[in-house]
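The values are calculated or read from the model by the stated rules, or taken from the named source; none is laboratory data. As the structure is a computational prediction, the values presented were derived from the model and not from experiment. When we count neighbours, we look across all protein chains shown, and the Cβ atoms used for this are built from the backbone with ideal geometry, even at glycine. Quick note on the areas: whole protein, heavy atoms, side chains included, nothing else; ligands and nucleic acids left out. Shrake-Rupley method; radii C 1.70, N 1.55, O 1.52, S 1.80 Å.
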Amino acid sequence: MGVEVIKWREGTLSIVDQTTVDAVVEAIRQLRVRGAPAIGVCAAYGILVGIRENGSADSAAVIQAVEQTAARLAATRPTAVNLFWALDRMRAVTARAEAAAMSKEALYRALEAEAAAIDQENVALCEAIGRTGAPLVTENAGVLTHCNAGALATAGAGTALAPLFRASEEGRRFTVYADETRPLLQGARLTAWELVQAGVEVVVICDNMAAQVMREGKIDLAIVGADRIAANGDTANKIGTYGVAVLARAHDIPFYVAAPYSTFDPKVATGDDIPIELRPAEEVSQGFGPRTAPALAAIYNPAFDVTPARLITGFITEKGIIAPPFREGIAALRETGPND
Ligand code: MRU
C-alpha cells in the first residue's frame, strides 16, 4: 500500500512530528495513531522516546524509564491488547538485560531492535493475513467491512483489508461496502480512502443501512478487524461490529474476523472480561462540527463492543483460518507465535 503511518529514523519517532512521551501518549489517546496493531508498534517506539527524554545515565535509569513510560502508555487505551502485548515485549528485554548486566548503550540498542522487530513483524503478519483471506474474496463478491483495519491501523497492509488488497492484486473485481462507522467515521474517512487509493470499488453506507444492503443481496461476506480476542473467540472490535455480526447471521452471510496472533489474549477467558473503552461525549454529540444532540441529553460512548464467538464464521490469521470450535485453534496460534 505504501502508506507509512509510523516511522522510526535515527532515534526519532515520527507520527506527524511527535517527539515526546507526552506527545506519544496524546497521539494514542486522541486517535492520531489508532488501530490495535499500530497502537502496539507506536507504544514500542514510544518506550525509546521515554528513554531519550529521560537522558538515562546508566542501565538502571534506562530500566526505570522503560517502566515509567510503559505505565503511561498503558493508561492510554484499555481495549486494544496489542498495546499491552508490545509493552510486555519491551519490558521482557529489560528483564533479560538486568540478568545480563548490559551497558546502557547495549540495552538501548536491544530495545531499539525489539521495537523495530515488532514493527517489521507486523508488516509480515499483515501480508500473511492477506494471503490467508484473499481466497474468500471471489470475483464480483460484495464485502462488508466496519471501521478501519487497513494500512492506517497497522504497520503493514492491514488485517481486514489485507485480503481485499491481495484479491485485487490477484486481478479479481469486487465491491466493498464500508460502514461509515459512527461516531468517528473511520470507515468513511479511512477505509474508503485506502480502498480508493488501491483502486478497489468502495461504497460508503451509513451504519444503519447494513441490514437493507444485506437484504438486497449485495453482501456475500463480512470481514472486520479486532482489538482483543478472548480465549473462547469472543471478539472486541469497533462499536457496531456486534450489530454487523447479528445481521450477517440473520442473512446467512459468513462473518470473519481478521487478526494476528498478538490480538488474541489468552489471559481473558471470555468477552465479559474485556475492558471496553469509554470515550468523550462530544464525539457523539458534536463529532464533526455542529451539535447534533441537545446539550442536556446524556451521552453514552463505548468505543468497542463484543461479538460473541458463536456469530463468528472464522478467524483469518497469519497461520490460516481458525474455524469453530475456536478454543483449541486460538490456543495453538497464541502459543506458537509468528515464526514457528
Ligand atoms: O478506535 P480505533 O479506531 O482505534 O478502533 C479500531 C478498530 O476497531 C479496528 O477494527 C481494530 O483496531 C483492528 S485494526 C487492524
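The fraction of all Cα pairs in the chain landing in successive 20 Å bins from 0 to the largest distance is 32, 57, 11, 0, given as whole percents. Note on the chain: with charges restricted to the Cβ of Lys and Arg (+1) and Asp and Glu (-1), its dipole about the Cα centre is near 300 debye.
Shape analysis of segment 7-129 based on the Cα gyration tensor places the equivalent ellipsoid semi-axes at 22, 16, 13 Å, largest first.
Using the Cβ-Cβ distance between THR20 and ALA57 with R0 set to 22 Å, the FRET efficiency from 1/(1 + (r/R0)^6) comes to roughly 0.70. Taking the DSSP bridge list for the chain and keeping only pairs wholly inside it, about 45 percent are antiparallel. Accessible surface for the chain, divided over its residues, is 42 Å² per residue with a 1.4 Å probe.
State the Cα centre-to-centre distance between segment 54-109 and segment 165-244 in whole Å. So the separation of the two Cα centres works out to 36 Å.
Share of the chain's accessible area from carbon and sulfur, percent, 1.4 Å? C and S fraction of accessible area: 52 percent.
Using only Cα atoms, find the angle between the long axis of helix 36-54 and the longest principal axis of the chain, and express it within 0 to 90 degrees, rounded to the nearest 10. On a 0 to 90 degree scale, this one is about 20. Positive end of the dipole of segment 120-253 (Cβ unit charges, origin at the Cα centre): among ALA248, GLN197, LEU125, the Cα lying farthest that way belongs to ALA248. Can you tell me the FRET efficiency between THR138 and THR270 if r is taken as the Cβ-Cβ distance and R0 is 35 Å, rounded to the nearest 0.05? Approximately 0.60, to the nearest 0.05. Excluding same-chain neighbours fewer than eight residues apart, the lysines reachable from LYS319 by a Cα-Cα span under 28 Å are LYS7, LYS238, LYS267. The gain in end-to-end length when the GLU67 to ALA124 segment is fully stretched comes to 17.7 nm, 0.36 nm per residue minus the alpha carbon separation.
Ordering of 257-270, 275-288, 45-58 by packing is 257-270, 45-58, 275-288, highest average first (other Cβ atoms within 10 Å, averaged per residue). What's the FRET efficiency of GLN286 with ALA101 using the Cβ-Cβ distance as r and R₀ = 51 Å, to the nearest 0.05? Rounded to the nearest 0.05, the efficiency is 0.40. For ILE299, the solvent-accessible surface with a 1.4 Å probe is about 60 Å², rounded to the nearest 10.
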